[in-house]
Structure formats: C-alpha cells, structure tokens
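The values are calculated or read from the model by the stated rules, or taken from the named source; none is laboratory data. Keep in mind that what you see is a predicted model, and the values were worked out from it rather than measured. Here the Cβ positions follow ideal geometry from the backbone for every residue, glycine too, while neighbour counts run over all protein chains shown. What goes into the accessible areas is simple: the full protein's heavy atoms, side chains included, and nothing from ligands, DNA or RNA. Shrake-Rupley method; radii C 1.70, N 1.55, O 1.52, S 1.80 Å.
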Amino acid sequence: MQPDANASPFGPNYVPVAPGGRAPGGKYPWATHFGTPNVQTYAARFGMWLFLSTEVLLFAGLFVSYAVYRYLYPQTFALCSRHLDLSLGTINTLVLITSSLTVALAIHFVRTGKNGMATGMLIVTLLCACAFLVIKYFEYHHKFEQGTLPGRFYTYSGIQTEGAPMFFALYFLTTGLHALHVVVGMSVLTWVTYHVVKGRFSPVYYTPVELGGLYWHLVDLVWIFLYPLLYLI
Amino acid sequence: MKVDAMQSLLFLPEQASTFAERVDNLHYLVIISTMIVSFLVGTTALVFFILYRRRKPHAYTPTIEPDLKAEMLFVGIPTVFFLAFFAIGFRDFVWVRTPPANAMDVYVMGKQWMWKFAYPEGPNGVNTLHIPAHRPIRLLITSRDVIHSFYVPEFRVKQDAVPGRYAEIWFEATKPGTYQVLCAEYCGLDHSMMRADVVVHEPAEFDEWLANAQRSERHEQQDSEPIAAATQQFPGNLRLQGERIAARAGCFKCHSTDGSPHIGPTFLDMYLRKEKLADGRTVIADESYITESMMDPHLKVVAGFQPVMPSFLGQLDAPETAAIVEYIKSLSTNRVVNEGSKGPVYELRNR
Amino acid sequence: MSSATVEALPAHQPGNTEEMPAEHYLNDGKTVFSWLGTLDHKRIAILYMVVVLLMFLVGGTFALLVRLELLTPGPTIMDALTYNRMFTLHGVIMVFFFMIPAIPGIFGNFMLPLMLGAKDVAFPRLNLMSWYLYVLGAGLGIWGMINGGADTGWTFYTPYSSMTPTQILPVLMGAFVAGFSSILTGLNFIVTVHTMRAPGITWMKMPLFVWSIYATAVIQILGTPVIGLVMLLLTVEQVFGFGIFDPARGGDPVLYQHLFWFYSHPAVYIMVLPAMAVMSEVVSTMSRKNPYGYKMIAWSSLGIALVGFLAWGHHLFVSGQSTFDAGAFGVISMMVGVFTAIKVFNWTATLYKGSVTFTTPFAYFCGFLYFIVFGGMTGIAVASVSLDVHWHDTYFVVAHFHFIMVGATIMAFLAALHYWFPKMFGRMYPEGWGLVSAVLIIIGFNATFIPQFLLGNMGMPRRYYQYPEQFQALNVASTAGASLLAMGFLIIAIYLAISLKYGKVAGPNPWGSHGYEWLHTQSPPITHNFHGQPVYPQAPHDYTGPVEGEVTHAA
Amino acid sequence: MADITKNVTDSHHPADLEHHGAGAYYLVWIALLALTGLTWWTGQMHLPNFGLALALIIATTKAALVVLFFMHLWEQKGVNRVTFVCTIAFVIVMLLGTLGDVTTRLETLLPKREAPASELSHMPKHGEAPAHGAQHP
C-alpha cells in the first residue's frame, strides 16, 4: 500500500471529519490521523475528561485548605459565613444551574440539527454567565467596602477572631479562581456560538460544542460545592 | 566491639542519648540486610551474565514467565522485610514522641539565626543549652520567624521549629560533654551558621549550675539600672515593665506586635514611622505623638483606622506612659531583640 | 493489512549499511520553521532534546559550583547568598526543567507512537504547544535567575519563601508554566495509548516502555495541577500577603508542605518511572529475552503511580505532622519499595537463559540496577520513621534522592540516549568510548554520593554554606567525584556530537531488537513513521523466533 | 482494515450518545433547583452536628446529577468514568491525608485555637450585624 492519505486506508466507511470543510490530505493528512471519526470523537472527549480532571485537582488543593482551616476555626468560619450575602449566593447558584441546563440543551439541539435553537441556548448561557459575574461583582464590592478582605487587608472590626481573615482569603481565592474559570468558559462558549452561527457544526460533527459544554458544566460543578461550603455553614 | 566497627564504618557520630542506640540498631539491621540482598541480586545478575553471554548474534531464547510461586516470593520477601523495618522504626518514633511524665521541660526558640533556651523557672540563655545527663528532657520547640530545625547528631534527635506553635520531642543524654546543635531546615542567609551547644552535665553538677544561674538572673533584674540594663543581654526593666503595663491596659487587644494589621496600627516598627493621618496630614510617630495618642487618641487618627481607641488619660501615670513608649521603641525589626523564650502560649496537653 | 510491512519499504533501504535512508524525518524540511512549526512527534522530541540538554548543562554547572564552594568549611568561591541561590536554581532547573521533561519529552515523544504503530501522538498540535510552554517556562526561570534568583531551595517552604528578599516570582511562574507543559504531555500520551494502538497491540501486548510512560502520564495529570495551585498560592502570598500559610495570620505552614509534597513526591516517580521504562526495554533487547514477569512489571508501574500518591507525608516526619499520619505515610511508603523490588527482581531474572551482550546501554543498565537497589534501600531506610529523625534534611537524604533521581534517572537517560541514538539519528556512537564514559560516570556518581551518605550519617545538614571542620574530608571526596562525573559527561557530549555527523551508519535495527519501535520502520524513520498500517501479531519482547516486520541487516 | 478500532476499548459513534430527549434535561434541572432550595432551607437551620454533612450530601447529589446527565457520564461507559472516579478518589486521598494530620496533631502544634464555643454561641442570622465585638470599648 502506498502512503497516500487520499486513498483512505480506512476503507469505504471513512468519512472526512475535518471541521469547516477542511479537506483531508496534503502534507499532514491529519484528517486520517485517527482510524475513524468515531475514534477521533472518542479521543477528543477522553482528552477533555482528562483535562477536566486536572481542573478538579486544581480546585481540590483549595478545598483541602478550606477543610483544614474550617477544622481549626469552626466557629469563626460559621460566623464569617453569616456575613456573606446568602440570597445573592443562592441566586448565583440558580443562575449557574440554569446556564448548565441551557448548555446541555444547546448540545442537544446541535445534535438534532436545530442550530438556531442551539444558538439561542448558548446566548442564554452567556447571559447567565454575565449575570453571575455581575452579582459576584456586587458581592465583592460590598466586601471591599466593609473590609472583609483576606490576610493583611482585613480591616473589619465586626469579627476579630483569629480565623476571620483566613476565611475571607479562602473565600476570595476559591470564588476568584472560579470566576476566572467562568470568564474562560465564556470565551470558549463565545467561540462555540460563533461557529454554531456560522453553521460549522452538524449532527455528525459537534465535538467542540460538546467539549465547551463539558467545561461549562465543570464550572457549575465547582460552584455546587462552593455554595454550601461558603454560604451555608 | 562489633557495634563500634559498624559505627566507624558508617561514620556515625558518638551515641550520646538513649534514642541514639535505638536508631543505630535499626540502622545496622537495615544496612546489613540491604547488603545481603544486593549482594545476592548482584551475584545472580553476574552469574546470569556469564552463563548466558551472547554466543551468536541472532540467538533465539525461550519465553519464560514466572509462576505464581515466584510472583509470591517477589512480592512477599520485600513486603515482610520492609514492614518489619517499619514496625521497629515506628515503635521507636512513637517512643521519641512520647515524653515520660517526669521529663524536665526546656523551651527552645529558633530565630534567624540563633537558638534560645529557657527553663520554666529561668534562666534564659542564647546558643548554649545546659542539661543534666540521665534525666529525660522534653524540648518544647518553637520559632519566631521561619521554620528551623533543632538537630543534635549525637542524640539522633531532630525536630522542626514551626513558628506560632510548639513541637515537642524528648531525649535522655547518656554522656556528659558538649555537643553541637545544628539547624537542619533551611532558614535563609546564615542557615549554616545557626549553631548552638548542648552542654551535658552530671546531674549534681547541673543542679548546681541551675541554682547559680537562676540566682544571678534575679540579681541582675533587681539591681541593675534601667539604662545600664539596656546594654545588657536583657534590655532593661523599663521595657519589660512597659510590656506588662501595655498588657494590663489592654493595648494588645487592638495593637499587634508582629506587624499584622488589627484594629489599631501595629506596634512593630511604630516608633519613628511616618504615619498618614485620616485627615491627610502626616506625622512622625515619635515619643510625643505616641504619648499624645494614649491621652487623646481621636486627635490624630492614622488613616485606615477607625477612631475607636479609648483615652487613657488618668488611667496611666507618667512613668507608666514612658514605659510603654520605651516598649514600643524596642519593637523594631531592625535590631535584634534579645529576650528569653516565652513559655507556651497555648495550653499544653495534660501529661 | 499485513501486506503493508517489509515489502512496502523501498527495496534499497534495508540491508544497506553504507548509506543513510534517502528519506527520513530529519531531512524532510530544512528551514527553521520546518522545525519550530513541526507537528511531527519525532521532531518535537528533538526540540525537547535540545532544550533539555541545555537545561542539564545549566543545572549541572550550578551543581559543580555548589560542590566547589563546599571544598572548604568556610567561604570558598562565593558568598552565602550566591550559594543559596546556586543550590536553589540547581534544584529548580534539574527537577522542573530537566528531570521531569527529559525522558517523557524526548524518548516518550519519539518512541511512543513508534511503539504503538501510530503515525503520531493523538494531538500533535497540543504536543508542539507543550514544547513551547516548556520553553516559555524554562525561559522565565532562567530570566528569573539572571534577574535576582530565588534563594528558598526548590521546595519554596513557607514562611521563608514569603519573607525572602529575593525575587522568587519569575522562578515560580517558570515552574508553573512548565507544569502546564507537563500536564499537556501527559494528557496527550494517555489519549495516544488509548486510541492510537495499531492492530494487534492489546493492553497486555504494549511494550513495557509504554506502560511506564502511561503510568507517568497518570501522575502528571493528577499531580501537576496541585503544584500549579501551590505556586499560585505562593504568588498570592508573596504579592498580596493573604496569609494562607502564614502562622502570624493563623495559617499553617505544614499545610503548605502537605500540598507541595502531594505533587512533589509523585513527581519523583515522574522522573523515575520513565527510567524504569527505558530499562525494561534495554534489558530485554540486550539479553534477547522476554522480560521476566511482563505483567508484574506493567502492573507495578501503575502500582507505583498509585501508591506514590499516598506516600507524600514521609517528607514531614519531623516537621510537626501528627504521629498518626507519620505512621500511615510510613507504611504506605514501604509499598513503593515493594513495587520497585518486584521490578528489580524481574529485571535480574530476565537475564536467565537469555543471550546477553555487554554494550553501553547494558553497562548503564548495570549501573541503574545498582543505583536503584541502593537508592531504593536507602529510601526504605529513610521511610523507617525513627531513622528519618536522624537523617531528615541531612546529606543522607540528599545522597538518597540523588541516587534515585540522578543515579537511576541519568543512567536511564544515558542508556536511552545510546540505545535509541541509532533509531533517532541513523548512526552509531563509538562503542569503546561509550563504555569508557559509562564506567567513568558510574564511578563518578559513587565517588560523589557515597561520601554524602556518610556525611549524612555524621549529621551534616543539607543546604549548608559553611560547615563544621569535621565534615571537610568527605566533602572534598564528593567534590572530586563530581569532577569525574563532569568529565564523563564531557566525553559523551563530544563523541555523540561527532557521531551525529560521522558515526557509522546504523541500519534499521542495529541491536536486532524485537521491540516494536524497531519493527516496520527504518532508522531514522520517515515523517509519518510507517509506510501503511503496520500490524503486530506477536508480543513486543518475543525472541522465540524471527518476527514479522523485523527490519534487519540481512533482509 | 476495518478492525483498526478494535483495540480502542470503546468505539463510540458521535451519535452514540443516547438521545434521551430534552425532557430529561428539564427533569434534572428541576431536581437541581429543588435540591438547591432544600440545601438553602436546611442550611439556615444551622444544624449543629450534621449540618455540614447534610449540605455536602446534597451538593454531592447535585454534582452527581450534573455529571451523569448534563455531562453524559451515565451513557459513557469505560474510560471516561474511570478517569472521573479516579480523580475524585485522588481528591479524597489528598483530603484524608491532610485532615488526618491536622485532626490528630498535638494540640500545641496547631495554631492558636479560637475562643471557646460559648463565646460565639449567639451567632447572628445572615446579614445581621454581629452581636459582639463590633464596637471596641
């Protein structure tokens, strides 16, 4: 057999899977890189899950720090927790859960060929994300005014026990890192939306939508744990 | 005799504590079994290498896979040995971490780059620790800045000094003499010069030394003039008084002495600090400003702080105020503050 | 598909040992961009090699300077601050920029697809990106060194690291970025192993190298994010003073050590598992024998990856960790020893009824076996909790991890370099010089680090700029050994550089190996590795008879 | 050549993900909202002993719903599940190893403990000013 990519060594079942109509072949026939499109999808999805697991472990370090300091300062943490705005936190939880739903629906619609609906769902998701960040901004703003800030910036006289600056350090670190992920997720979803609008995805090929969705669900997942740990103790 | 040979072969220092004997015994056991096993592995490899050297270039060889017995052996032998080492090692570790009830306490504080030792009844000392032989000593180790590690090779004893808390370890010295304390945890520029001596006395000799040292310390504190004392190792009664008065008056509820922000500005480096006031002016925190602030705190409030301090007018008399000022002056990061190790600030576990 | 094997190769190539193959990945494109923009895993491997060797040179130079400084008890050639920076940068460079990317980056990248019968890794663009991230990380690190240089030791222990006047941020960021590179490489390898195996290669027929690299990748995925977070927290600590680890603000410095070692202990296995990977291949090829206990070796790789994650607390025996935790971590650490012992026994038993030839890679195998046995056993000794009370943070520990990380890993690195040199460049190195330098290096290592074991026994703490007089003799011995070592490396560098251009043409399979990477391909391979799709009916280390697809001189 | 995918443990076709229709998503969403409400309600009770445990159990349930249905792990057998379970296992390992230390350490080795519980017993409700310590004398 000759090393000719166009001859498709993968048999008649082979479907070119390059997004955006990129033709297989050329010097680097990456379209035939994996045996079949199935394997390619499989690889992409698996790669994404591996990436998500690194994200989970990234947050895990913060959760461990939280666990340790909560063990050391249980009362202070409870007291500080009462200083957070529970209603804003709850609204944010609902917003994120809803955005998770809309992303799942967006994938569903792409898969069933309804790109218009998918676009709508993605836009709702992005709006939810914006709402989340705006609410977060108000929460942060309040803390900056009040002086409930981490470490050496802590100036609030209301709670003067040892662990209070630590609680707010953890609060800002966890929610800050999470907010960073929200921003990254928004950029990813914006990119995805653009390509959905352009009609790049179809029921046969929608991997980027799915992967973007997975990332967004992870953002939701982290918040699901942050919410009770920060607001409800 | 055999043990001595091992000791010099392995370059081990003298065994000067009861723990050292335990450590070395396990050490010998591990080393000897390692040597035996690696000799066996090495010899086997050598024999195979000679027996099965390549005789023709493209020889084919049989596929050999281990049977269950070989597998069990390969897993079992190391497991048994390693667990045995661990069991002995952990037993000794628990032993060295569990001070006997009659142990004598010594407080150890590491600080860049010196060791301070203090006995509950005094005296305090820098870089020389006196202890009696044949008596269990419990060290309560802490640090004032970064992590240090208290290490005496002859005792085989090592414990990190973690700032803000007390770690404990105990040992019983067996041979009178002088041994070197080394810092084993990297702690900055002069890490390698952070050394001290442990002087192990015969018990009777130690009791005598202790009584002498305690007497001379009291003597020093009672009789010396404040100014003269400031030049000595423990800088002055005025400063110590100031600290006591400040504690009594409740200054530390709002003012930290370690630089951390609190309700009020920290005392650390406060003296001669340029402070920005809430109304935009700046002021040098000299003696007069500090005194004034104690008497009329709301007159010049430092920016970023709430005017919540009560006035101490009429509550502190002039000498007391002066003592506090003197105390604040002493809290400077730029100078080495020689003070004895503080006792444990946290309640100790019941022994 | 089995038709596309030997016959598919151009007829003049196999058997002709006089000339290099006409077409191979090295001459496929000669522009700078054809290298810097390449998606070919083999070229990326070469890119890694260039930077990794550069880093080794820098780190090694620091090591030599440190050793020179320790010739005398007092100051010798530098002041205390410079010395503290030297050993920090030596550690940071060797750990983050040399040892972690070395074998996976170079040989993993090059050999993994060849061993799986794939034309590349799963995500070639990601692969190139991780090289760039690595270069960026290394660049940041080097820039940080020139621009002040950290003096915290590579462990960055708080609270010292948040108080030090030196600039640790660039170095931290360098390590952080290099961590991303490590994650992406690991991710790529795992997906490659799952999706790119050629027909015939089932899980239990993967070469042992692949198994070990796979286990390494698992650690890279699961561990590296945590060090990333730790670096971020340290940055926040330094810049903003959040006080997460600051005892003055109620923080716990011991928590830092937990988080740090959760990655950095498994990171030791990121360094040593690939070394074991190389050795499984070398011993099999050089003794023309299947590895005794293939399954045991394969599973013990995964076992080390797993247990390696459960053992981090043995770095904290004297640091204020609880006695209970010390016991738990101590006993788990022993398990790592068990898995390693299994491998050692199996490698030794592989020689049984083999056909052993003493080449340079095999010389390094012998050295490796020695270093892993003694390095491992001293590890067991340190994990016996009470002994650690004496040895912790002394030169004993330094010598122990240098035996494993430098002794074993460098042995494997050099073995791989020699073993796969013909595969990568199509030319042979001079065998005589190879053996001479191997002997020199093995002796040099021993001369450098055995005195350090003894220094540790005597009680010399690590990271000492000045030391009490009684330690001098052994320090001088160690420095002398280090110079021997440097000489060995110099010789290797010279003859390999010469061999690149003037070495004897190797032919496709100079070792007569039945390892998958030597079948179905020429040396050096073509850009897409294979002409057509290779299949692998037999096991990877099968020497019971001729194998299909073997590209020999005689064919 | 058709057997090239044979080695791959799981040969999904993209369309392989079951279409359980959009209905399931709405159900999961409603369940998530309900659980959020539940945890909000129980969280405000500040149950002294098992409040945190309860909140975490609810959070885990919610996370499981998201992972299994929104992220399709329910249908993806094989390696993705293994990956996720391993990840969680390692998070737990890290948590246990570290907490195992802190919870069994010598009292003196922990940072200064906070005031006894009695002093903090009169916890304010959310948003209220704390009952003590607000004004310095």
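Give the number of residues within region C:326-362 that are buried (at least 24 other Cβ atoms within 10 Å of the Cβ), more than 7 Å from chain B (Cβ to nearest Cβ) and under 30 Å from B:His148 (Cβ atoms).
Count: 3.
Checking the condition away from chain B (no Cβ under 11 Å), part of a helix (DSSP H, G or I), at pLDDT 90 or above and surrounded by fewer than 24 Cβ atoms within 10 Å (Cβ to Cβ), which residue from C:Met279, C:Met231 passes?
C:Met231
Report yes if some residue within region B:93-116 is in contact (Cβ under 8 Å) with a residue 12 or more places away in the chain, at the interface with chain C (Cβ under 7 Å from one of its Cβ atoms) and farther than 30 Å from C:His541 by Cα; otherwise report no.
Looking through region B:93-116, at least one residue is in contact (Cβ under 8 Å) with a residue 12 or more places away in the chain, at the interface with chain C (Cβ under 7 Å from one of its Cβ atoms) and farther than 30 Å from C:His541 by Cα.
If you take the residues of region A:171-184 that are touching a residue at least 40 places away in the same chain (Cβ under 8 Å) and more than 12 Å from chain C (Cβ to nearest Cβ), which of them is surrounded by the fewest Cβ atoms within 10 Å (Cβ to Cβ)?
Going through the qualifying residues, I end up with A:Val183.
Does B:Asp24 satisfy the criteria of being in contact with a helix residue (DSSP H, G or I) (Cβ under 6 Å, 6 or more places away or on another chain) and either open to solvent by less than 30 Å² (accessible area, probe 1.4 Å) or facing another protein chain (nearest Cβ under 8 Å) (or both)?
In short, no.
Working carefully through the options C:Leu310, C:Leu255, find the one that is out of contact with any Pro (no Cβ under 8 Å at 6 or more places or on another chain), of a type in the set (A, V, I, L, M), open to solvent by 10 Å² or more (accessible area, probe 1.4 Å) and at pLDDT 90 or above.
C:Leu310
How many residues does region C:249-276 hold that are within 13 Å of chain A (Cβ to nearest Cβ) and aliphatic (A, V, I, L, M)?
Going through region C:249-276 one residue at a time, the tally reaches 3.
Just checking, how many residues over region B:172-220 are among the hydroxyl-bearing types (Ser, Thr, Tyr), part of a helix (DSSP H, G or I) and under 20 Å from B:Ile131 (Cα atoms)?
Residues meeting the conditions: 1.
May I ask you to say which residue of C:Ala482, C:Ala497 is surrounded by fewer than 20 Cβ atoms within 10 Å (Cβ to Cβ), outside any loop (DSSP other than H, G, I, E, B) and small (Gly, Ala, Ser)?
When all the criteria are applied, what remains is C:Ala497.
Go through (1) touching a Gly at 6+ places or on another chain (Cβ under 7 Å); (2) hydroxyl-bearing (Ser, Thr, Tyr); (3) surrounded by fewer than 21 Cβ atoms within 10 Å (Cβ to Cβ) one by one and return the number of the condition C:Thr76 breaks.
Of everything listed in (1) touching a Gly at 6+ places or on another chain (Cβ under 7 Å); (2) hydroxyl-bearing (Ser, Thr, Tyr); (3) surrounded by fewer than 21 Cβ atoms within 10 Å (Cβ to Cβ), C:Thr76 misses just condition (1).
Just to be sure I understand, how many residues within region A:72-101 are farther than 30 Å from D:Val102 by Cβ and facing chain D (nearest Cβ under 9 Å)?
Count: 7.
Out of region A:198-226, which residues are in contact with a Gly (Cβ under 6 Å, 6 or more places away or on another chain) and part of a helix (DSSP H, G or I)?
Selection gives A:Tyr215, A:Trp216, A:Val219.
Being at pLDDT 90 or above, within 7 Å of chain C (Cβ to nearest Cβ) and under 19 Å from C:Met296 (Cα atoms) narrows it down to one of B:Pro78, B:Pro62, B:Pro66, so name that one.
B:Pro78
Would you check which residues across region C:171-205 are surrounded by fewer than 24 Cβ atoms within 10 Å (Cβ to Cβ) and not in a helix (DSSP H, G or I) and list them?
Across region C:171-205, the qualifying residues are C:Ala198, C:Pro199, C:Gly200, C:Thr202.
Looking only at region C:442-462, which residues are crowded, with 21+ Cβ neighbours inside 10 Å and within 25 Å of C:Leu89 (Cβ to Cβ)?
C:Gly444, C:Phe445, C:Thr448, C:Phe449, C:Pro451, C:Gln452, C:Phe453, C:Leu455, C:Gly456, C:Met460, C:Pro461, C:Arg462
Assuming C:Asn290 fulfils every condition listed in (1) assigned to a loop (DSSP other than H, G, I, E, B); (2) crowded, with 24+ Cβ neighbours inside 10 Å apart from one, which condition is it?
Of (1) assigned to a loop (DSSP other than H, G, I, E, B); (2) crowded, with 24+ Cβ neighbours inside 10 Å, only one is false for C:Asn290: (2).
Which numbered condition in (1) part of a helix (DSSP H, G or I); (2) open to solvent by 10 Å² or more (accessible area, probe 1.4 Å) is the only one that C:Gly148 fails?
(1)
Can you report the number of residues in region C:430-441 which are surrounded by fewer than 24 Cβ atoms within 10 Å (Cβ to Cβ) and either under 30 Å from B:Tyr179 (Cβ atoms) or in contact with a Gly (Cβ under 9 Å, 6 or more places away or on another chain) (or both)?
Going through region C:430-441 one residue at a time, the tally reaches 4.
Filter region B:73-113 for residues that are in a helix (DSSP H, G or I), buried (at least 23 other Cβ atoms within 10 Å of the Cβ) and of a type outside the set (Phe, Trp, Tyr) and give the result.
Scanning region B:73-113 gives B:Pro78, B:Gly89, B:Val96.
How many residues does region C:397-428 hold that are surrounded by fewer than 23 Cβ atoms within 10 Å (Cβ to Cβ) and over 19 Å from C:Leu369 (Cα atoms)?
Counting residues in region C:397-428 that are surrounded by fewer than 23 Cβ atoms within 10 Å (Cβ to Cβ) and over 19 Å from C:Leu369 (Cα atoms) gives 5.
Among the residues of region D:17-75 satisfying the criterion of being within 7 Å of chain A (Cβ to nearest Cβ) and hydroxyl-bearing (Ser, Thr, Tyr), which is nearest to A:Met121 (Cα to Cα)?
Out of the qualifying residues, it is D:Tyr25.
Mind listing just one residue for me: the one in region B:148-167 that is open to solvent by 10 Å² or more (accessible area, probe 1.4 Å) and in contact (Cβ under 8 Å) with a residue 40 or more places away in the chain and, of those, farthest from the other protein chains (Cβ to nearest Cβ)?
Selected residue: B:Glu154.
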